[in-house]
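The values are calculated or read from the model by the stated rules, or taken from the named source; none is laboratory data. Please read all numbers here as calculations on a predicted model, not as lab measurements. Every residue, glycine as well, gets a Cβ built from its backbone with ideal geometry; the counts of neighbours run over all protein chains shown. Protein only, heavy atoms only, side chains kept; ligands, DNA and RNA dropped before computing areas. Shrake-Rupley method; radii C 1.70, N 1.55, O 1.52, S 1.80 Å.
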Amino acid sequence: MGSGIAEVAAKAGSTVVLRSRKQESADAMVAALGTSLAKQVSRGKLDEAEAEAVNGRVSATADLEALADCDMVIESVVEDLDVKKQLFVELDRIVKHGAILATNTSTLPVVEMAVETARPERVVGVHFFNPAAAMSLVEIVRTLLSSDETVAEAVAFAEACGKGPVVVEDRAGFIVNALLFPYLNNAVRMLENRTASRDDIDAAMKGGCGFPMGPLALLDLVGLDTSVAILDALYVEFRDPNYAVVPLLRRMVAAGQLGRKSGVGFYDYAK
Ligand SMILES: NC(=O)c1ccc[n+]([C@@H]2O[C@H](COP(=O)([O-])OP(=O)(O)OC[C@H]3O[C@@H](n4cnc5c(N)ncnc54)[C@H](O)[C@@H]3O)[C@@H](O)[C@H]2O)c1
């Protein structure tokens, strides 16, 4: 998600510092951005000069201190509240006073990250969808402590990125994932119960509901580990059995079958 958000922001004209824990992975993300832009040029969707300009606005670093002068930082690390809270402590120390510190979390309580900082009024959720370049929605998550100015600036940023933002209160899953994940989880339950095959479950929801992708293919795209983290956070908040992770999903994660990112999930991507 991090590299996708970097692409969207750079295309919108922002100067982007893409930070990863390892320089090689930050460099790899910038290289992947270059490949994505080159594809868009070859398909006639972007002209060459524009692609070069976008590339030139993105730099890669492993150093958190390199974010010091940013006006807005959007973290998109693993969906783990302790990891994110620790990152907010460090970002608050490093990033200039007044800058917005945002999270791309799918479900975690944004206010718990905000209170780790000395600027909770400048903390919001800026939740992009996957793939960030293609999906038009951004959920702007307002916590009990976010200021109106911060929410308005986050909305303006999303609009400048060509997205259609919606504003939502800080509840697990916000709008989309709170509604979507019971459906995805129940699709896995159906597969586990042998109600229908993988291909028939996906074909049914595409053909019957007009969805562009079936639920099992969508879980592979989201990442099964990320999906389990999202469901766990929803379950902790609402205690609704529809959010209780179906055993097959948890076992697949234990087996390293994480979907597209690992090469195998409900589908085999190595073939
Ligand atoms: N996958 C999706 O469809 C999707 C959509 C919207 C938002 N998100 C959110 O984006 C965030 C990242 O999800 P993703 O799907 O890109 O996950 P991912 O597994 O592809 O990437 C997670 C990144 O976090 C890094 N990371 C792991 N442990 C870390 C640690 N201890 N400290 C710092 N960095 C660490 C990893 O190196 C990796 O670069 C999550 O908050 C997720 O909820 C995901």
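Structure data summary
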{"item": "Cα-based equivalent ellipsoid of the range 35-96: semi-axis lengths in Å, sorted from largest, via gyration tensor", "result": "32, 15, 8"}
{"item": "Per-peptide average of other Cβ atoms within 10 Å, ordering 252-261, 75-84 highest first", "result": "252-261, 75-84"}
{"item": "Accessible area expressed per residue, the chain, with surrounding protein chains retained (probe 1.4 Å, Å²)", "result": "48 Å²"}
{"item": "Angstrom value of the Kirkwood radius, inverse mean 1/r, which spans all Cα pairs in the range 224-271", "result": "11.2 Å"}
{"item": "Per residue Cα convex hull volume in Å³ - calculated over the chain", "result": "137 Å³"}
{"item": "Percentage, to the nearest whole number, of Cα pairs in the range 109-197 over 15 Å apart", "result": "64 percent"}
{"item": "Residue-averaged 222 nm ellipticity for the chain, from DSSP H runs of 4+ at -39500 (n - 2.57), nearest 500", "result": "-15000 deg cm²/dmol"}
{"item": "Reciprocal of mean inverse Cα separation for the range 122-271 (Kirkwood radius, Å)", "result": "16.6 Å"}
{"item": "Centroid-to-centroid separation of the range 133-207 and the range 49-103 [C-alpha atoms, Å]", "result": "23 Å"}
{"item": "Length added when fully stretched, Leu137-Asp71, from 0.36 nm per residue minus Cα-Cα", "result": "21.6 nm"}
{"item": "Percent of Cα-Cα distances greater than 24 Å, calculated over the range 1-129", "result": "29 percent"}
{"item": "Alpha carbon convex hull of the range 176-256, volume per residue in cubic angstrom", "result": "91 Å³"}
{"item": "Dipole magnitude (debye, nearest 20) for the range 126-169, charges at Cβ of Lys, Arg, Asp, Glu", "result": "180 debye"}
{"item": "Förster-model FRET efficiency, 51 Å R0, Ser59 and Glu237, C-beta, rounded to 0.05", "result": "0.85"}
{"item": "Cα-only Debye scattering, the range 148-218: base-10 log of I(q)/I(0) at q = 0.14, 0.16, 0.26 Å⁻¹", "result": "-0.61, -0.70, -1.10"}
{"item": "Relative contact order of the range 130-263, defined on C-alpha pairs under 8 angstrom at six or more residues apart (%)", "result": "21 percent"}
{"item": "Cα-based helix-to-principal-axis angle, 23-42 vs the chain, degrees rounded to 10", "result": "80 degrees"}
{"item": "Per DSSP, loop trypsin sites (Lys or Arg not before Pro) in the range 164-228 with at most 11 further Cβ within 10 Å", "result": "Arg194"}
{"item": "Cα extents of the range 63-163 along the three principal axes, largest first (Å)", "result": "33, 29, 27"}
{"item": "The range 177-223 - convex hull of alpha carbons, volume per residue in Å³", "result": "70 Å³"}
{"item": "Protection-proxy order for peptides 105-113, 149-157, 233-241, each taking the mean of Cβ atoms within 10 Å per residue, highest first", "result": "105-113, 149-157, 233-241"}
{"item": "Quotient of Cα Rg and 2.2 N^0.38 Å for the range 1-70, N being how many residues it contains", "result": "1.08"}
